[in-house]
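Peer 1: Got a structure for you, questions after.
The values are calculated or read from the model by the stated rules, or taken from the named source; none is laboratory data. What you see is a predicted model; the values in this text were computed from it and never measured. Cβ sites come from the backbone with ideal geometry, for glycine too, and all protein chains shown count toward neighbours.
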Amino acid sequence: MDDFWYDISQLWVGTFFYGIYCVLFCICIYILLHRPRNLGNTVLLVTAIVLFSISTTQTVINIVLGANDIDGVDVPYDALSLADMTLYVINNVIADGLVIYRCYSVWNHNVYVIIVPMILLVISSVFGWDTQLPLEPFFALSLATNVLVTTLTAGRIWWICRKARSQLRTDVQRCSVSSISIVIESGVIYSVSVLIYLILGAIPSTVIVQDPVIEMLAQMVGIVPTLIIVRVGLGVQVQSVEASMKTATNMSEESRAQKRHILGMVRASPYNFDRTPSLPDDLEKGKPVYEVRKPQPF
């Protein structure tokens with residue numbers, strides 16, 4: 001392939017996915033601004049803006065680098081390339097941190113569940129920050145982190161719904177299925193993209209295609225968590241499923257208790273036994289005396 005068209009292809013891939021990201025970001029901001037003002041939605045709003053701002057900066061840098069490759073524009077190429085990779089690592093840390101926090105929330109703020117993902121995130125960040133180290137371990141660890149967190153999150157939602165399937169309303173069951181779908185789909189999108197990058201790098205004849213793919217990954221790292229933010233902003237949260245499950249369980253237990261109480265009244269013995277002492281002598285001896293009373297007509 002001619003160098004000119006190769007450089008153009010990189011710019012086209014990067015700007016194409018950036019355009020998709022722009023549309024998704026506008027939808028995300030619209031949804032979050034119309035949600036109730038609370039700390040959770042504020043964090044999501046700030047995170048979405050930071051991710052999009054970094055991706056926008058990367059797009060501008062890539063256009064400048066592309067201008068240098070195509071027309072030989074005099075720019076500090078090495079410094080801009082380092083800044084581009086640094087911004088990608090920062091965006092990746094924020095995105096992975098967001099999905100890990102999502103998993104942490106779904107698991108009812110259980111710290112032990114996210115210990116391994118946090119370790120993987122720290123190690124992958126080290127490989128990303130150190131320019132002397134190869135990029136393959138960074139992407140491999142990022143892939144492992146996303147697969148693990150996606151599995152933990154979707155598995156938790158599935159387990160909650162499985163335990164309360166018979167007690168949840170139909171709309172809540174649909175909500176839970178939708179939550180599982182968006183978690184898996186979001187994780188699969190980025191994981192497949194990273195896997196393609198690693199496979200292309202492992203085959204000598206396709207290494208050249210890695211550069212356009214990494215331009216796509218630069219936008220995917222922001223698109224995927226923005227998809228999750230949109231879903232959370234729409235109110236599809238597993239916490240609502242958990243609350244519904246607990247409510248349904250409590251109502252079921254109360255119903256069973258009330259049923260037992262009613263059945264006990266209906267099936268009561270026709271004789272009413274009272275622990276009423278009838279003989280003073282027996283009371284003095286400390287013996288309980290029962291007096292049998294015949295049933296009274298209603």
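Peer 1: From the list Thr47, Thr57, Thr86, exactly one residue is in contact with a Pro (Cβ under 9 Å, 6 or more places away or on another chain), assigned to a helix (DSSP H, G or I) and in the same structural domain as Gly14 (by TED's automatic domain parsing). Which is it? Write out each step before concluding.
Peer 2: Working: Thr57 fails: in contact with a Pro (Cβ under 9 Å, 6 or more places away or on another chain); Thr86 fails: in contact with a Pro (Cβ under 9 Å, 6 or more places away or on another chain).
None of the others qualify; the one that does is Thr47.
Peer 1: Does Ala248 satisfy being farther than 17 Å from Val89 by Cα and either at pLDDT below 50 or not in a helix (DSSP H, G or I) (or both)?
Peer 2: Details: farther than 17 Å from Val89 by Cα: yes; either at pLDDT below 50 or not in a helix (DSSP H, G or I) (or both): yes.
When the stated conditions are applied, Ala248 passes them.
Peer 1: Report whether or not Val177 is β-branched (Val, Ile, Thr) and at pLDDT below 75.
Peer 2: Details: β-branched (Val, Ile, Thr): yes; at pLDDT below 75: yes.
Taking the combined requirement at face value, the residue satisfies it.
Peer 1: Continuing with the same structure: Output the residue which, of all residues in region 115-140 that are outside any loop (DSSP other than H, G, I, E, B) and not hydrophobic (A, V, I, L, M, F, W, C), is farthest from Ile203 (Cα to Cα). Spell out how you get there, then give the answer.
Peer 2: Start the filter on region 115-140 by keeping residues that are outside any loop (DSSP other than H, G, I, E, B), which leaves 115-129, 136-140.
Checking the rest, the ones that are also not hydrophobic (A, V, I, L, M, F, W, C) come to 117, 124-125, 128, 136-137.
On the way: Pro117: 29, Ser124: 23, Ser125: 25, Gly128: 22, Glu136: 13, Pro137: 16 Å.
My answer is Pro117.
Peer 1: Another question, if that's okay. So, in region 68-83, exactly how many residues are part of a helix (DSSP H, G or I) and either surrounded by 16 or more Cβ atoms within 10 Å (Cβ to Cβ) or touching a helix residue (DSSP H, G or I) at 6+ places or on another chain (Cβ under 9 Å) (or both)? Lay out the reasoning, then the answer.
Peer 2: Let us first name the residues in region 68-83 that are part of a helix (DSSP H, G or I), namely 68-71, 77-83.
Filter once more, keeping what is either surrounded by 16 or more Cβ atoms within 10 Å (Cβ to Cβ) or touching a helix residue (DSSP H, G or I) at 6+ places or on another chain (Cβ under 9 Å) (or both): 68-70, 77, 80-81, 83.
The number of residues fulfilling the criteria is 7.
Peer 1: OK, next. If you go through region 6-16 one residue at a time, do you hit one that is farther than 13 Å from Gln219 by Cβ, without any contact (Cβ under 8 Å) to a residue 12 or more places away in the chain and loosely packed, with under 15 Cβ neighbours inside 10 Å?
Peer 2: The first filter runs over region 6-16 and keeps only residues farther than 13 Å from Gln219 by Cβ, leaving 6-9.
Within this subset, residues satisfying the condition of being without any contact (Cβ under 8 Å) to a residue 12 or more places away in the chain are none.
No, that holds for no residue.
Peer 1: Restricting attention to region 89-107, which residues are assigned to a helix (DSSP H, G or I) and aromatic (Phe, Trp, Tyr)? Outline the logic, then answer.
Peer 2: To start, the set of residues in region 89-107 that are assigned to a helix (DSSP H, G or I) comprises 89-106.
Within region 89-107, Tyr101, Tyr104 meet the criteria.
Peer 1: A follow-up question, please. Scan (1) surrounded by 15 or more Cβ atoms within 10 Å (Cβ to Cβ); (2) more than 28 Å from Leu24 (Cβ to Cβ) for the single condition Pro117 breaks and write down its number.
Peer 2: (2)
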